[in-house]
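Peer 1: Below is a structure I'd like to ask you about.
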Amino acid sequence: MIISDVKHFEQERHLWPAAITRGIDYILNRKLGELEVGRYDLEGDNGHLMYANVQEVVTRPKEEQSPESHLVYTDIQFLVSGEERLCFYKLHEGAQITDSKFETHDFTLYASNSNENETDVLLKPGMFAVCFPSDIHRPNCLITEPTTNKKIVVKVHKDLLHL
């Protein structure tokens, strides 16, 4: 997982995979945060290599959000407004799958486990987290009370990360 913000992006971009920096460049240079909620194709036919979901989401208690992971796409979760707790841990053999949608929607949900060693990241506007397929993540958790957040999730196909 990568956690950063726009203030440090130019200093750090050389450290990250090129596709990740392009995804963040798209967010900033195409002003995706100003767009309406919806899907926006960025690279590949019909955006199959990279696309952005502009979302408005109400945060909920951590216990009400299911941990998830992806097989094909890496997420760049960029917070435009609001505040969010994003919890994550590394995928491991003992992670209990509750609903696998890898075949149809590229995500799997996992059972919440109070013994899991989750790390909480508090996202503020301009911050982003990059969740790789090996990162089980629980997005859209409230910090103290529910907020309506605007966020952009850029989906980066695994083929772009192997170039």
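Peer 1: Suppose every Lys and Arg Cβ carries +1 and every Asp and Glu Cβ carries -1, with no other charges. What dipole size does the chain come out with about its Cα centre, to the nearest 20 debye?
Peer 2: On the way: 17 positive and 26 negative charges, 65 e Å.
For the chain, the charge dipole is close to 320 debye.
Peer 1: Would you list Arg138, Arg39 from fewest to most Cβ contacts within 10 Å? Working shown, then result.
Peer 2: Working: Arg138 23, Arg39 13.
So the ranking, lowest neighbour count to highest, is Arg39, Arg138.
Peer 1: OK, next. Could you tell me what % of all Cα pairs in the chain have separations over 29 Å? Don't skip to the answer; put the middle values down first.
Peer 2: On the way: 1723 of 13203 pairs.
Result: 13 percent of Cα pairs exceed 29 Å.
Peer 1: Among the listed pairs Lys101/Lys150; Lys90/Lys151; Lys7/Lys158; Lys90/Lys150; Lys62/Lys155; Lys101/Lys158, give every one whose C-alpha distance is greater than 19 Å. Before the final figure, lay out the partial values.
Peer 2: Working: Lys101/Lys150 25 Å; Lys90/Lys151 23 Å; Lys7/Lys158 27 Å; Lys90/Lys150 26 Å; Lys62/Lys155 23 Å; Lys101/Lys158 17 Å.
Flagged as over cut-off: Lys101/Lys150; Lys90/Lys151; Lys7/Lys158; Lys90/Lys150; Lys62/Lys155.
Quick note: the coordinates plus some simple rules give every number you see, no bench work behind them. Just so it is clear, the model here is predicted, and its values are computed rather than measured. Positions of Cβ are generated from backbone atoms using ideal geometry, with glycine treated the same way; all protein chains shown enter the neighbour counts.
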